[in-house]
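For reference, the structure is listed below as structure tokens.
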Amino acid sequence: NMDIISMKDFSRDMIDHILDTAEKLEPVARGKERSDILQGLVLSLLFFEPSTRTRMSFESAMVRAGGSVLNMGSVEASSISKGETLADTIRVIDGYADAIVLRHPKEGSARMAAEYSSVPVINAGDGAGQHPTQTLLDLYTIRRESHLEGIKIAIAGDLKYGRTAHSLCYALSLYGADITLVSPESLRMPEEIIEDLRSHDINVYQTSSMEEVISDIDVLYATRIQKERFPDPTEYQKVAASLKIVPQLLDEAKEGLKIMHPLPRINEIDPQIDETPHATYFRQSFYGVPVRMALLSLVMGREP
Ligand code: CP
């Protein structure tokens with residue numbers, strides 16, 4: 001099985017290949033061209049945590065390329081609520097589908113599920129671990145709207161719990177990026193990931209100030225403070241409103257600065273930014289469709 005669990009498992013060739021395929025499939029993802037590359041295939045969606053983009057863009061990718069989707073629905077509506085384990089659930093669902101997409105609050109759950117599944121498992125977010133398909137669409141966005149090689153990027157927000165930031169760092173290490181990590185002191189990037197970046201000769205700089213970096217970057221990647229991962233709600237309250245992107249902050253920004261966000265945003269980006277040429281986040285969420293279509297065609301052995 002070709003499981004998609006961690007960005008650490010990807011080579012640069014593999015990523016470039018998926019992004020190239022996504023580019024070819026973009027007209028299909030937009031509904032402008034028809035394709036049947038996933039015809040007759042069934043994808044199962046198992047979401048143990050809320051999702052709008054990941055769940056629905058996987059669904060859109062399948063449907064637009066001729067495939068079908070089985071959605072387990074909410075945890076409450078499934079037999080998980082009766083106490084069924086993840087392992088048993090996976091052993092049952094692998095008989096219903098050709099691949100499984102899993103989002104789960106526990107780090108390492110996708111890797112575990114892959115051990116029980118006879119069909120490929122795609123990690124759609126495992127706790128504070130990783131979110132590799134988000135990273136593929138982030139890379140696609142950067143490549144399409146800016147440039148990937150040697151990109152100067154600031155990744156801001158909850159770098160401790162934010163799985164999209166974790167996966168993105170692993171991938172950027174393959175592209176010679178120049179990375180600034182912007183977060184409150186208490187939400188710094190895990191040391192293990194910083195060490196991985198440095199082992200790839202990546203310049204990593206850490207700060208708590210957005211103002212300090214804004215004039216020098218090509219991409220500002222904002223992330224949400226992950227409220228649901230805080231063991232202590234008062235700790236969340238202390239950092240909740242930090243690092244908001246407001247119009248004045250952009251006075252010193254490069255003209256071509258792209259502001260990205262995996263979404264949902266809470267109050268990280270002032271809505272006034274939405275109408276500026278910097279706002280890239282809604283196109284970014286659309287790119288999830290061609291990228292996931294390309295990934296599914298690869299995982300399910302149906303490459304165009
Ligand atoms: N970016 C992202 O994973 O969004 P959802 O939680 O809505 O899937």
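The values are calculated or read from the model by the stated rules, or taken from the named source; none is laboratory data. A quick note: this is a predicted structure, and the numbers were derived from the prediction, not measured. Don't worry about glycine lacking a Cβ; one is built from the backbone with ideal geometry, like all the others, and counts go over all protein chains shown. Areas reflect the complete protein model, heavy atoms only, side chains present, ligands, DNA and RNA absent. Shrake-Rupley method; radii C 1.70, N 1.55, O 1.52, S 1.80 Å.
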**Order by protection proxy (mean Cβ within 10 Å, highest first), peptides 88-100, 231-243, 135-147** = 135-147, 88-100, 231-243
**Request:** For the stretch 38-98, give the percent of accessible area contributed by carbon and sulfur heavy atoms, probe 1.4 Å, rounded to a whole number.
**Result:** 51
**Asked** Once you sort the root eigenvalues of the Cα gyration tensor of the stretch 119-164 as a ≥ b ≥ c, which label holds: rounded (a/c under 1.5), prolate (a/b larger than b/c) or oblate (the other case)?
**Response** oblate
**Prompt:** Label points 7 Å out from Cα along the Cβ direction at Glu33 and Arg283: separation in nm?
**Reply:** 2.0
**Per-bin percent of Cα-Cα distances, the stretch 12-71 [10 Å]** = 22, 44, 32, 2
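Taking only Cα atoms of the stretch 227-274, what ratio of Rg to Rh do you get with Rh as the Kirkwood inverse-distance radius?
Working: Rg = 13.4 Å, Rh = 12.6 Å.
A ratio of 1.06.
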**Asked** So if R0 is 35 Å, what FRET efficiency would Glu76 and Ala240 give, r being the distance between their Cβ atoms, rounded to the nearest 0.05?
**Response** 0.80
**Prompt:** Based on the Kirkwood radius over alpha-carbon pairs, what is the Stokes-Einstein translational diffusion coefficient of the stretch 50-115 at 25 °C with 0.890 mPa s viscosity, in µm²/s?
**Reply:** 188
**Message:** I need the phi-derived Karplus couplings for the stretch 181-194: 6.51 cos²θ - 1.76 cosθ + 1.60, θ = phi - 60°, integer Hz, Gly and Pro marked x.
**Reply:** 9, 10, 7, x, 3, 6, 10, 5, 4, x, 4, 4, 6, 4
**Length gained when the stretch Glu185-Arg229 is fully extended (0.36 nm per residue, less Cα-Cα span)** = 14.2 nm
**Request:** Run the dipole for the chain about the Cα centre, Lys and Arg Cβ at +1, Asp and Glu Cβ at -1, nothing else charged, and hand back the magnitude in debye, nearest 20.
**Result:** 800
**Asked** If only Cα atoms are counted, what is the Rg of the stretch 147-292, and what is its Dmax, in Å?
**Response** 14.6, 40
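Find, to one decimal place in angstroms, the Kirkwood hydrodynamic radius of the stretch 3-162, where the mean of 1/r is taken over every pair of different Cα atoms and then inverted.
Details: mean 1/r = 0.0593 Å⁻¹.
One decimal place: 16.9 Å for the Kirkwood radius.
Which value, in Å³ per residue, describes the convex hull spanned by the Cα atoms of the stretch 139-210? Present the calculation step by step, with values, prior to reporting the outcome.
Working: hull volume 5.6 nm³, N = 72.
With only Cα atoms used, the stretch 139-210 gives 78 Å³ per residue.
For the stretch 1-47, report the % of Cα-Cα distances exceeding 14 Å. Each step should come with its number before you reach the end.
On the way: 744 of 1081 pairs.
Percent of Cα pairs beyond 14 Å in the stretch 1-47: 69.
What is the Cα radius of gyration of the stretch 44-88 over 2.2 N^0.38 Å, N being its residue count? It would help to have the intermediate numbers written out before the result.
Numbers: Rg = 12.0 Å, N = 45, 2.2 N^0.38 = 9.3 Å.
Ratio of Cα Rg to 2.2 N^0.38 Å: 1.28.
Do the sum for the chain: with -39,500 (n - 2.57) for every DSSP H run of n ≥ 4, divided by all residues, what is the mean residue ellipticity at 222 nm, to the nearest 500 deg cm²/dmol?
Working: 9 runs with 105 residues, N = 304.
That comes out to -10500 deg cm²/dmol.
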**Item:** Lys pairs, the chain - Cα-Cα below 16 angstrom, 8 or more residues apart or on other chains
**Value:** 10
**Request:** Any chance you could check the Cα centroid distance between the stretch 192-222 and the stretch 105-122 for me, in angstrom?
**Result:** 31
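Can you tell me the FRET efficiency between Arg91 and Asp251 if r is taken as the Cβ-Cβ distance and R0 is 51 Å, rounded to the nearest 0.05? The partial results should precede the final answer.
Details: r = 56 Å, r/R0 = 1.11.
Once the sixth-power term is evaluated, E becomes 0.35.
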**Asked** Once the chain is represented by equal point scatterers at the alpha-carbon sites, with solvent omitted, what log10 I(q)/I(0) does the Debye formula produce at q = 0.07, 0.10 Å⁻¹?
**Response** -0.26, -0.54
